[in-house]
Amino acid sequence: MFPGRFQPFHKGHYSAIMQLLEEYDEIVIGIGSAQEGYTCRNPFTAGERWEMIYRIAKGNNLVGKIWPIPLPDINMPLTWTAYILSLSPRVEAIASGNPQTLYLFEWLGYRTKKIKLLEPTKYHGTRIRNIMVSGSDEWRELVPPEVTEYIDEIKGVERVRRLCLDEHTQH
């Protein structure tokens, strides 16, 4: 299982999935914070993030190899581990670039895999959303073409700008 928020799904996430597919036949992609959407930090809904991932799967012959599932948050880290495992098909290991996530699953006795992150300062959801807010098109180079197309279809940049600018003017 590879849990993440994928706000939005970017080339760093794609690189991680391709690394994992070298070792595993199938990957469960846990779409975290699934209850969130339409906020500056989590502008895309779980369904929208699922669709981004599915379009990547279709466009790259990965249907049947990656399995996106929504994972709502609960703010109790140890309980969260059992909770997300209960929502997922059985998995051999947990993969993440997040040390806390890996530590939680190691503590439970699960096999973990540290993902070698592709340029994490460049491919980072917060940075991509900030670029969207700035009005620059540079974000398009940071996400797969399927995601660019989808974000354009749902007017995602306008949503991110509106949500984040509204949030910043309220404080």
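The values are calculated or read from the model by the stated rules, or taken from the named source; none is laboratory data. Keep in mind that this is a model prediction, so the values were computed, not measured. Backbone-built Cβ (ideal geometry, glycine too); neighbour counts: all protein chains shown.
Can you give me the number of residues within segment 32-49 that are touching a Gly at 6+ places or on another chain (Cβ under 9 Å) and of a type in the set (Asp, Glu)?
Residues in segment 32-49 being touching a Gly at 6+ places or on another chain (Cβ under 9 Å) and of a type in the set (Asp, Glu): 1 in total.
Can you list residue pairs whose Cβ atoms sit under 6 Å apart, with the first residue in segment 1-28 being surrounded by 23 or more Cβ atoms within 10 Å (Cβ to Cβ) and the second being at pLDDT 95 or above and polar (S, T, N, Q)? Count only pairs 6 or more apart in sequence or on different chains.
Met1/Ser88; Gln7/Asn42
Which condition number in (1) modelled with pLDDT of 95 or more; (2) under 17 Å from the mean Cα position of the chain (by Cα); (3) at positive phi is the one that Asn61 fails?
The failed condition is (2).
Restricting attention to segment 56-84, and to residues there that are in contact (Cβ under 8 Å) with a residue 60 or more places away in the chain and crowded, with 18+ Cβ neighbours inside 10 Å, which single residue is farthest from Ile154 (Cα to Cα)?
Ile84
Somewhere in segment 109-119, is a residue among the β-branched types (Val, Ile, Thr), in contact with a helix residue (DSSP H, G or I) (Cβ under 7 Å, 6 or more places away or on another chain), at pLDDT 95 or above and more than 30 Å from Glu149 (Cα to Cα)?
Yes, segment 109-119 contains a residue that is among the β-branched types (Val, Ile, Thr), in contact with a helix residue (DSSP H, G or I) (Cβ under 7 Å, 6 or more places away or on another chain), at pLDDT 95 or above and more than 30 Å from Glu149 (Cα to Cα).
For residues that are more than 22 Å from Lys122 (Cα to Cα) and in contact with a Cys (Cβ under 6 Å, 6 or more places away or on another chain), scanning just segment 139-171, find the one that is modelled with the highest pLDDT.
The selected residue is Leu163.
In this structure, is Ala34 in contact with a Leu (Cβ under 8 Å, 6 or more places away or on another chain), free of Cβ contacts under 8 Å to residues at least 60 places away in the same chain and not in a helix (DSSP H, G or I)?
For Ala34, the condition - in contact with a Leu (Cβ under 8 Å, 6 or more places away or on another chain), free of Cβ contacts under 8 Å to residues at least 60 places away in the same chain and not in a helix (DSSP H, G or I) - is met.
From the list Gly47, Gly97, exactly one residue is under 22 Å from Pro144 (Cβ atoms), surrounded by 14 or more Cβ atoms within 10 Å (Cβ to Cβ), under 15 Å from the mean Cα position of the chain (by Cα) and among the small types (Gly, Ala, Ser). Which is it?
Details: Gly47 fails: surrounded by 14 or more Cβ atoms within 10 Å (Cβ to Cβ).
Going through Gly47, Gly97 in turn, the sole match is Gly97.
Looking at Glu141 and the list (1) in a loop (DSSP other than H, G, I, E, B); (2) free of Cβ contacts under 8 Å to residues at least 60 places away in the same chain; (3) acidic (Asp, Glu), which single condition is not satisfied?
The failed condition is (1).
Give the number of residues within segment 105-148 that are surrounded by fewer than 15 Cβ atoms within 10 Å (Cβ to Cβ), under 25 Å from Ile94 (Cα atoms) and among the small types (Gly, Ala, Ser).
1
For (1) in a loop (DSSP other than H, G, I, E, B); (2) farther than 14 Å from Phe2 by Cα; (3) modelled with pLDDT of 95 or more, each residue gets a yes or a no:
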| residue | (1), (2), (3) |
| --- | --- |
| Pro43 | yes, yes, yes |
| Ile53 | no, no, yes |
| Ile56 | no, yes, yes |
| Pro68 | no, no, yes |
| Leu78 | no, yes, no |
| Ala82 | no, yes, no |
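Among the numbered criteria (1) farther than 17 Å from Leu71 by Cβ; (2) assigned to a loop (DSSP other than H, G, I, E, B), which single criterion is violated by Phe9?
(1)
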